[in-house]
1. Give segment 50-68 a look and list any residue that's assigned to a strand (DSSP E or B) and buried (at least 18 other Cβ atoms within 10 Å of the Cβ), or say none.
2. Any idea how many residues of segment 54-69 are of a type in the set (D, E, K, R) and touching a residue at least 24 places away in the same chain (Cβ under 8 Å)?
3. Inside segment 29-47, can you point out the residues that are buried (at least 18 other Cβ atoms within 10 Å of the Cβ) and assigned to a strand (DSSP E or B)?
4. So, in segment 69-93, how many residues would count as being open to solvent by less than 40 Å² (accessible area, probe 1.4 Å) and of a type in the set (Gly, Ala, Ser)?
Amino acid sequence: MKEDHKSNNHSGKKSDELRKRVVLIADDDNTSRRILTHYVQKMGYTAVGAEDGDECIQCISEQTFDVILLDINMPKKDGFEVMLHLKAHKIDT
């Protein structure tokens with residue numbers, strides 16, 4: 001679906017509409033991460049990769065993401081533990 005980026009002077013969200021959306025891809029499998037990154041970028045988004053749950057949490061603490069694609073089976077912290085961390089710290093993406 002194509003996004004409409006027309007300016008709406010009444011909304012006050014012009015800068016938010018123009019900002020490039022950022023997707024965090026958390027997956028320990030390098031091939032999966034590369035494929036997902038390719039498709040996310042092809043759709044016009046910025047992709048950031050994390051190879052385990054700890055790196056995912058570190059990325060989230062340093063940057064705001066519009067979407068997180070989160071693998072469940074990862075080393076260190078799995079996807080469920082990452083979700084519990086987000087919920088416990090009231091982090092909303």
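The values are calculated or read from the model by the stated rules, or taken from the named source; none is laboratory data. Quantities reported herein were computed from a predicted structural model and do not represent experimental measurements. Quick reminder, even Gly has a Cβ in these numbers, built from the backbone with ideal geometry, and neighbours come from all protein chains shown. Side chains included, ligands, DNA and RNA excluded: accessible areas come from the protein's heavy atoms. Shrake-Rupley method; radii C 1.70, N 1.55, O 1.52, S 1.80 Å.
1. Matches in segment 50-68: Ala50, Ile68.
2. Qualifying residue count for the region: 2.
3. The answer is Ala47, and nothing else.
4. Residues that pass the stated criteria total 1.
For every residue, the table says whether it meets (1) touching a residue at least 40 places away in the same chain (Cβ under 8 Å); (2) closer than 24 Å to Lys20 by Cα; (3) of a type outside the set (Lys, Arg).
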| position | (1), (2), (3) |
| --- | --- |
| Gly49 | no, yes, yes |
| Asp52 | no, no, yes |
| Asp71 | yes, yes, yes |
| Val82 | yes, no, yes |
